[in-house]
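Working notes for the structure below.
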């Protein structure tokens, strides 16, 4: 069974630009969560999608948005990039049931210059 | 306010000995706890989990202990191997309605180094 696939693995952008990251969950998983990892803040929850609906959202500004498609693939978009958005963005998939284990992709390393 | 805390940023252990990683939490609504390990340039890998109805869960060399009254959990690795060297994160989630159960709150991680 293939794992969680995130593309691209690395990305360099400049301030003010926007970026879209992609995540393909494990086959059969309908829940996709996004996390941001930075040295200062650790792993922080961005949002979770289940069956194309955002079910839960962390404490991030509206510049961070996402969506999920009917095949459960998800995209995350960050608009008007700031230097502080440089981070490792991790996607995790799960079955979406109550006591679910989340399985993570390798992440997308975003550098904002 | 950090709801999940790993107070030891690093731990060094000799190969073959026991590694004990600790985690404290403050939110009494947390009822499911997980441990992940992470190598550089990779995503976190799930290790073991425990529900709040249990106080111990074992899987091979890994055992997680939960002390609800102290809001403390620990991961024991016995025996430790050099390949176990990685950053270990504890994470917690709260039950309740269908929305809140899916957000994991992570600790800051502990770098484990197993010396040969």
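Shielding by partners for peptide A:36-49, expressed as the average number of C-beta atoms from other protein chains within 10 Å of each residue's C-beta, is 3. Peptide B:35-45 has a mean shielding of 4, counted as Cβ atoms of other protein chains within 10 Å of each residue's Cβ. Would you work out if segment A:9-55 is rounded, prolate or oblate? Take a ≥ b ≥ c from the square roots of the eigenvalues of the alpha-carbon gyration tensor; rounded if a/c is under 1.5, else prolate when a/b is larger than b/c, oblate otherwise. Prolate.
Please say if segment B:1-110 is rounded, prolate or oblate, where rounded means a/c under 1.5 for a ≥ b ≥ c the square roots of the C-alpha gyration tensor eigenvalues, and otherwise the choice is prolate for a/b larger than b/c and oblate otherwise? Judged from the Cα gyration tensor, segment B:1-110 comes out prolate (a/c at least 1.5, a/b above b/c). This ranking places A:101, B:53 by how few other beta-carbon atoms lie within 10 Å of each, fewest first, which gives B:53, A:101. As a proxy for reagent exposure, ranking A:109, B:102 by other Cβ atoms within 10 Å from fewest up yields A:109, B:102. When a/c reaches 1.5 or more, the comparison of a/b and b/c decides; with that in mind, is chain A rounded, prolate or oblate per its Cα gyration tensor? Prolate.
Bear in mind these aren't lab numbers, they're just calculated from the coordinates by the rules spelled out. Just so it is clear, the model here is predicted, and its values are computed rather than measured. Cβ: placed from backbone, ideal geometry, glycine included. Neighbour counts: every protein chain shown.
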